[in-house]
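Some notes on the structure that comes next.
Values in this text are rule-based calculations from the coordinates and carry no lab data. Remember, predicted model here, so these are calculated numbers, not experimental data. No Cβ is skipped: glycine too gets one built from the backbone with ideal geometry, and neighbour counts run over all protein chains shown.
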Amino acid sequence: MQYWGWRAGRATLGRTPAPAAYWIAGGLGRAAYWLWPRGRRAMRANFARVLGTAERRSVDRVGQASLAGYFRYLLDFMRLGMGAASLPRVDGEEAFAALDRLLERGRGAVIVCMHYGNWDAGAACAASRGYPLAVVAEGFGDARLDELVLGTREQLGMEVIRMERAGPSMVRVLRRNGLLALLIDRPVPGQGVPVRFFGETVEVPAGPARLAVATGAALVPVAFRRVDGMGRRMKVVGDFSIVPCDEAGRGCVETLTQRVMEAHERFIREQPEQWYMFRELWQRGATSGGSQ
């Protein structure tokens, strides 16, 4: 179903002018918000936490904008895969200069992203600048869809590492002073590392921090923020100040992961509608350390 939907979307794009396609994508996303009860409930819970209010109108406004943005992200990705659009202009020379300084250490960098803005276009821009970039991706369970989606990332200059055999490959990327991009906003109750995020405890993957500790790589939380509705401009925001702890251990991993999540909290607060999280991130009934 996903495969044929992707094929149909690409076929339709080939006959639709870009302005109309982005307008349609945004409209479909806003409609999907009301037609997807489970996703809407999750987004309401997430954005109520982010916005600090459960006022329904405010939460729904950001939730609709988020799902509309995600549909535009899918459109961006399809167009890049078809060669129908050039890479967006990226505002971020200072960010790339800071990254270059980190790579002078010779130990690579773990780039930690969230489902925010347009992470694929950002990665493609980095690859186009000559950075050796690898991304870890999970398959869809359909070889045809994997070929379309993961193949597109390879065409854009990224090395794609399949999640099921990621371990040694990720270490090799860092050992040769490359960039390894990982997504961290996937809830893993009972399996991850607990951190404070928007005033509440949540468990997120410990993998990025563990890799940094094991290899000495820099740990860089980054977001690729959309600047215009048609994906022609992006802005890179990041925190380039995080370096691995002197000693390995769970405490070090928690400290590093906490700093990563604090950076992403800042990015999301600035433009919450660019965060695409359609599962409830915070567990119901979790305590908030006494705060109300």
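How far apart, in nanometres, would the label points at R266 and A31 be if each is projected 7 angstrom from Cα along the Cα-to-Cβ direction?
Result: 4.0 nm between the two label points.
Run the simple label-point estimate for E254 and R7 please: 7 Å along Cα→C-beta, distance reported in nm.
Spacing of the two 7 Å Cα→Cβ label points: 5.1 nm.
With θ set to phi - 60° and the Karplus curve 6.51 cos²θ - 1.76 cosθ + 1.60, what are the ³J(HN,Hα) couplings of the range 229-243 in order, to the nearest whole Hz, using x for Gly and Pro?
These are the phi-based 3J(HN,Hα) values: x, 9, x, 7, 9, 9, 10, 8, 10, x, 10, 9, 9, 8, 10 Hz.
Where both residues lie in the chain, what percent of DSSP beta bridges are antiparallel, nearest 5?
Among the beta bridges of the chain, antiparallel pairing accounts for roughly 35 percent.
Where the only charges are on Cβ atoms (+1 Lys, Arg; -1 Asp, Glu), what is the dipole of the range 1-133 about its Cα centre, to the nearest 20 debye? Numbers along the way, then the final one.
Working: 19 positive and 9 negative charges, 136 e Å.
Value, rounded to 20: 660 debye.
With r as the distance between the Cβ atoms of R175 and D228 and R0 = 35 Å, compute the FRET efficiency 1/(1 + (r/R0)^6) and round to 0.05.
Using R0 = 35 Å, I get an efficiency of 0.35.
How large is the dipole of the chain about the Cα centre if only Lys and Arg carry +1 and Asp and Glu carry -1, each at its Cβ, rounded to the nearest 20 debye? Let's see the in-between values first.
Working: 40 positive and 29 negative charges, 148 e Å.
In total the dipole reaches around 700 debye.
At 0.36 nm per residue, minus the direct Cα-Cα distance, what do D60 and E200 gain on full extension? Give it in nm, one decimal, please.
48.3 nm
Read phi for every residue in the range 163-170 and hand back ³J(HN,Hα) as whole Hz from Karplus 6.51 cos²θ - 1.76 cosθ + 1.60, θ = phi - 60°, with x for Gly and Pro.
Each residue's phi maps through the Karplus curve to give 4, 5, 9, 7, x, x, 5, 5 Hz.
Efficiency by 1/(1 + (r/R0)^6): what FRET value for E94 and A20, r their Cβ-Cβ distance, R0 = 35 Å, to the nearest 0.05?
After rounding to 0.05, the efficiency reads 0.50.
Amide H to amide H, which residues 5 or more places from F140 or on other chains are under 5 Å from it, using H placed in the peptide plane?
Those lying under 5 Å, H to H, from F140 are D146.
Based only on other Cβ atoms within 10 Å, what is the fewest-to-most ordering of T215, T53?
T53, T215
So what is the relative contact order for the range 5-82, in percent, with contacts set as C-alpha pairs under 8 Å and at least six apart? Show your work: numbers first, answer last.
Details: 53 pairs, mean separation 33.7, N = 78.
Contact order relative to length: 43 percent.
Determine the dipole magnitude for the range 57-201: charges of +1 sit on the beta-carbon of Lys and Arg, -1 on that of Asp and Glu, nothing else is charged, the reference point is the Cα centre, and the result goes in debye to the nearest 20.
So the dipole magnitude of the range 57-201 works out to roughly 260 debye.
What is the chain's relative contact order, in percent, from Cα pairs under 8 angstrom and six or more apart in sequence?
Working: 486 pairs, mean separation 70.0, N = 292.
Computed value for the chain: 24 percent relative contact order.
Between I161 and residues 5 or more places away or on another chain, which pairs have amide H atoms under 5 Å apart, with H built 1.01 Å from N, and which residues are they?
Distant-sequence amide H within range of I161: V135, V136, A137.
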